[in-house]
Structures are given as C-alpha cells and as structure tokens.
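Q: Let me begin by handing over the structure; questions about it come next.
The values are calculated or read from the model by the stated rules, or taken from the named source; none is laboratory data. Please read these numbers as outputs of a predicted model, since none were measured by experiment. Cβ: placed from backbone, ideal geometry, glycine included. Neighbour counts: every protein chain shown. These area figures cover heavy atoms from the full protein model, side chains too; ligands, DNA and RNA do not enter into them. Shrake-Rupley method; radii C 1.70, N 1.55, O 1.52, S 1.80 Å.
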Amino acid sequence: MAELRHSLSVGSRTTPSPHEGTTPLTAPGNISNDVGRDRHSRDRFRFFFVNDETRLTHSHFLSSKISVFLLVAIMLAALVSLSSLVDRLSAPYLCIKDGIALRCPRVKEPPSLWENPHSATTSWKPCAERRVDAIADLPSANETNGYIFIHAEGGLNQQRIAICNAVAVAKIMNATLILPVLKQDQIWKDQTKFEDIFDVDHFIDYLKDDVQIVRDIPEWFTDKSELFTSIRRTVKNIPKYAPAQFYIDNVLPRIKEKKIMSLKPFVDRLGYDNVPPEINKLRCKVNYHALQFLPKIQQMADQLVSRMRNRTASTNPFMALHLRFEKGMVGLSFCDFVATRLEKVLMGMYRKKEWPRRYKDGSHLWSLALQKRKEGRCPLEPGEVAVMLRAMGYPKETQIYVASGQVHGGQNRMAPLRNMFPNLVTKEELAAKEELDEFRKHVTSLAALDFLVCLKSDVFVMTHGGNFAKLIIGARRYMGHSQKSIKPDKGLLSKSLGDPYMGWATFVDDVVVTHQTRTGLPEETFPNYDIWENPLTPCMCRT
C-alpha cells in the first residue's frame, strides 16, 4: 500500500524557523532637551531648529514604515512555512501509522454522503419493463426457425450476461431458446442448475411476448448427448461482440438446416452498438425484470439488509463494499503490492504456475506493474480503500458489508481497513451457520446473496472491475440512481498516495472533487459502451 510504502519519518523533519524580526521603532518627543537650555538661543535659531525637527520626524516615520513592512513580510513567510509543515505532517501516508493500523484525520461529512442530490436523480426513469398492453411479437411454435442451446459459462454474473445475450440472439433469429445450462465453474467447482438460482416460471412468463423459451430439449430430438458433443450440432468461432447481422448471415442458415444447434462459446458474443435498439432494450428487460432469484434467496438477502440497518439502537444507512483482493485476482492483475520478501516469492511461483505465458521469466513484470498502477488498473488494497473512504467523509461508525472472497494476506492485510472502520461485517458474521448451510450447497447461491445485499445498500463501493460491479452499478442506475455507487478513480489514488509531499487537506479535496462525477448517475453513452454498467439508452427514458 502506498501509504505504507512511503511511511517516511516526516514527523521528525525540522523546518527552519523563520527569522524573528525586531521592531526598531522609537517614539519621538525628547529630542529638544538641549535646546531647552537657552530660550534665547532657541528663539534665535528657531527657523533652523524647526527644519531639523521636521527632517528628524520624517526620518523616524520612514524607519517605522520600513519596519512594519519587514514585520508583515516575516509573518507571511512564517505562515507559509507553518502551512507547508502542517501539510507535510498530515500527508495521507502518515495517517498515524500504528503498527498495521492507520488512523486518518476525521473529515466533515458532506450533505450528500449517503445519496445523490435529488435534483440529479429526476431526469431519467427505467422503461424496459413489460408493457401491459404489449402485443406479442414472436412466431408460433410451428413457425420457429429452430432451437438454440447455450452453456452459460463462468461465475454467476458472467452467466447472467450470457443468459441475457441468449434471449437477444434468439429474438434476432426468431428461434426458440432452450433454457440455458449453467456450466460448471472451473474455479469454484460448482454444479448449479438454472432452477437452483433463478425463478424459471417468472423468467419464461415475463418474456412470453418476446421470445419462446422451453424448459428442455424437444422430445423429438432423441440423442440429447449429441447436442453437447457433436461438432455438426455446434456453431463455433462466433467473434466477440458480434453484430446482429453476423447471426443472421452465419448462424441462422445452420439452425434452419439442423433445426437445433448449440452455440459455443457464448461469452460476450453479442455487441452493443451493432444491434437494433430494441434488442438492447430486450436485454435490459431480461436483466432487470425477467431474471429474478428464487424467493428463498431474496428473503435471506432481505434479512441480511435488515440486520445491517439495525445493528445499533437506531436505524442506520450502510455501505456495501465489493473488495476484489483474492489471491486469484492479485495474481491475475500482475500488479505489485506491499508484501514481505517471502510473500513476493510465493506470489511469483503462483503466477508462473497459473499463467506461464504471461509470466515468462518474470523480468519484465516490475515495469509492467508500475505502468498498470499509474493507469489505475490495479485492485485497491484494503488500506487504500480505508484512506479513500475517510477522505470522502465516512466516519469511523460507518456500517460496512463486505462482499469478498478470501482476502489475500488474511487479517494483516485487512487490519488497516478494519481498524479504521470497525463496524465491518460479512454475511457469515450477520447470519447463523444454520441459516447459510442451505445456500452452501451451491456457491452461486452465496454469490447471489452478496449481489442482492450490494444492490440494496445505501452506498455501493467497488474496488476493481468485473461483471459483479458492472451489473450492480448498472442496476442501481436503472432502478433510480438516488443511492450512490462509487467507482474509484484508481489512477488518481495511485498518484496521490504515492506522493510523499501531498498534504492531507489537498488529498481530501482531490478525492472529493474527482468523485463527485463517479457516484452512479446515468451518463451519456459512447460507442462500445457496456450497457450492463450504464443502461441509459435505450433502456431508460427522460421523465
């Protein structure tokens, strides 16, 4: 962490004290003593004396003026030196480093700490939901061009995107969609079926006017295993972010010929700007309305949210923090982090084993790591998150729900965050073991609980990219965007936390000003913008 990386002994530095000026002011008034000895002489030389007295008074006046000017200059220099000294002593990496804990100065809480300004949340509304008076726009069962089948690969959120895209592709080709299979995740070794996570009846019924969806492979197709293994039944080499026309030209003819085809692979195989607007709107309808978790998952998530709000005597807002600092994420990032020599060696061995082509001999990784950090492409460490949140104004008493896997580095790595924000809990700490046992049968069920709690939190904070964070931010934007979704400017944080001469006040100003426009309000889209993160058009309408 940068504040630990730069924990210099600034507190022991000495700044030369400004020179203490003396004020050489003297009060005129006794300069005529000698003259008083001889009144006659004084009268005689009165003309000359008056001139001398005037010159002397003028000389003292100039001297006083210069002295005042010098005193003011010295005082200004002293103030500048003192301000500089205070800034240096309160730099962000010096948030009173107490062992492995960090204690940053408290910041005044801004009025918009827990929600976006109301005036900024009234311009757009969601408009991808099913219309009551909608007319069905799909062919009959006898007129379908064929059946398509997909494996939704990856983790829960990657699977969610694949399902939305599958519905859209079926619509493009006027084909019937067979309920997708959730492919076994290679990392979590989870074998979850669609119906173990999602409400199938609601899914099919909500989309009945758009796409035909069947629960299983048609009975007339006898060799079901062939659909999973036969090259003749599989459409491969679909390019990433393919346009709608690609499916019409290359996939539809094969479906018409074979009547049933498997599409593989199917991750990010449909673009955003090269499909009709109504197809993007359909994807939002699937994501935000049709694809709902089972009632038991929603009920457990509601209990967790209620417990977060009522952990103290009064109802409190709470923050959900998606902390991406698992061993796999740290390794895959190829970024450099504060660690012991042994930890760095072990991480190098892990990277070499998991990603040998990227690791090579490791000699090029240091410059690559520095470049990625400057560009803001490294996961935030727990301590960096703590400093950022304190700079934004979140007090020690803030209730924080952590959605995370096993943090790399364990309790030592979490200590700066946990010490600065002690009211930090996970679902395992909020719920009894017996309550979560049912959900442990499927790892994706536990991920679904985190998803829903983050979705319903007052403030959501992401620390790194990924489908989970994109889907949460997009859903919160779509559903009203009054609650804040903070997407950190990791490039700014890297630069600021690595600057040993930046004062705490300057750091706070930079963080607050920069993140005023990173709180989850709808943004104008641009080519190839990810609609999962910002569904402004065509899924939202002006009020």
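Q: In segment 174-267, what chymotrypsin sites (Phe, Trp or Tyr not before Pro) fall in a loop by DSSP, with at most 13 other Cβ atoms inside 10 Å?
A: Taking segment 174-267 and a limit of 13 other Cβ atoms within 10 Å, the loop chymotrypsin sites (Phe, Trp or Tyr not before Pro) found are 220.
Q: How many percent of Cα pairs in segment 316-436 exceed 24 Å?
A: Summing the P(r) of segment 316-436 above 24 Å gives 36 percent of all pairs.
Q: Express the carbon and sulfur contribution to the solvent-accessible surface of segment 155-298 as a percent, rounded to the nearest whole number, probe 1.4 angstrom.
A: Here carbon and sulfur together make up 50 percent of the probe-accessible area.
Q: Relative contact order for segment 149-306: what percent, with Cα pairs under 8 Å and sequence separation of 6 or more?
A: RCO, segment 149-306: 33 percent.
Q: If I ignore ligands, DNA and RNA and count only protein heavy atoms, how much of residue 510 is accessible to a 1.4 Å probe, in Å² to the nearest 10?
A: Surface open to solvent at residue 510 totals about 50 Å².
Q: For a bin width of 5 Å, list the pair-distance distribution of segment 268-322 built from all Cα-Cα distances, rounded to whole %.
A: Values per bin, smallest distances first: 4, 14, 14, 14, 13, 12, 12, 9, 5, 3, 0.
Q: Continuing with this model, one more query. Expressed as a rounded percentage, what relative contact order does segment 458-543 have, with Cα pairs under 8 Å and six or more residues apart?
A: Reported as a whole number, the value is 39 percent.
Q: Give the accessible surface of segment 369-472 per residue, rounded to a whole number of Å², with probe radius 1.4 Å and ligands, DNA and RNA excluded.
A: For segment 369-472, the per-residue accessible area is 33 Å².
Q: Counting heavy atoms of the protein chains only and a 1.4 Å probe, report the per residue accessible area for segment 484-543 as a whole number of Å².
A: Accessible area per residue, segment 484-543: 45 Å².
Q: Here's something else I'd like to know. Top to bottom by accessible area (1.4 Å), largest first, where do 354, 219, 524 land?
A: The most accessible residue leads, giving 219, 524, 354.
Q: Rolling a 1.4 angstrom probe over the protein chains, ignoring ligands and nucleic acids, what is the accessible area of residue 477 in square angstrom, nearest 10?
A: Residue 477 has an accessible surface of roughly 10 Å² with all protein chains in place.
Q: I've got another one for you. Take 254, 233 and sort them by solvent-accessible surface of the protein heavy atoms, 1.4 Å probe, largest at the top.
A: Reading off the accessible areas and sorting them downward yields 254, 233.
Q: Net charge around residue 359, counting only other residues with Cβ within less than 12 Å of its Cβ (Lys, Arg = +1; Asp, Glu = -1)?
A: Neighbour charge sum, excluding residue 359 itself: +4.
Q: Specify whether the C-alpha gyration tensor of segment 423-543 places it in the rounded, prolate or oblate class, a ≥ b ≥ c being the square roots of the eigenvalues: rounded for a/c under 1.5, otherwise prolate if a/b is larger than b/c and oblate if not.
A: It comes out oblate by the Cα gyration axes.
Q: Further, regarding this structure: With every protein chain left in place and a probe of 1.4 Å, what is the accessible surface of residue 114, to the nearest 10 Å²?
A: Here the accessible area works out near 60 Å².
Q: Please state the relative contact order of segment 392-483 as a whole percent: Cα pairs under 8 Å, 6+ residues apart?
A: 23 percent
Q: Something else about it: Indicate the gyration tensor shape class of segment 215-365 (rounded, prolate or oblate), computed on the Cα atoms with a ≥ b ≥ c the square roots of the eigenvalues: a/c under 1.5 is rounded; otherwise a/b larger than b/c is prolate and the rest oblate.
A: oblate
Q: OK, next. Determine the share of segment 393-436's accessible area contributed by carbon and sulfur atoms, expressed in whole percent, with a 1.4 angstrom probe.
A: 47 percent
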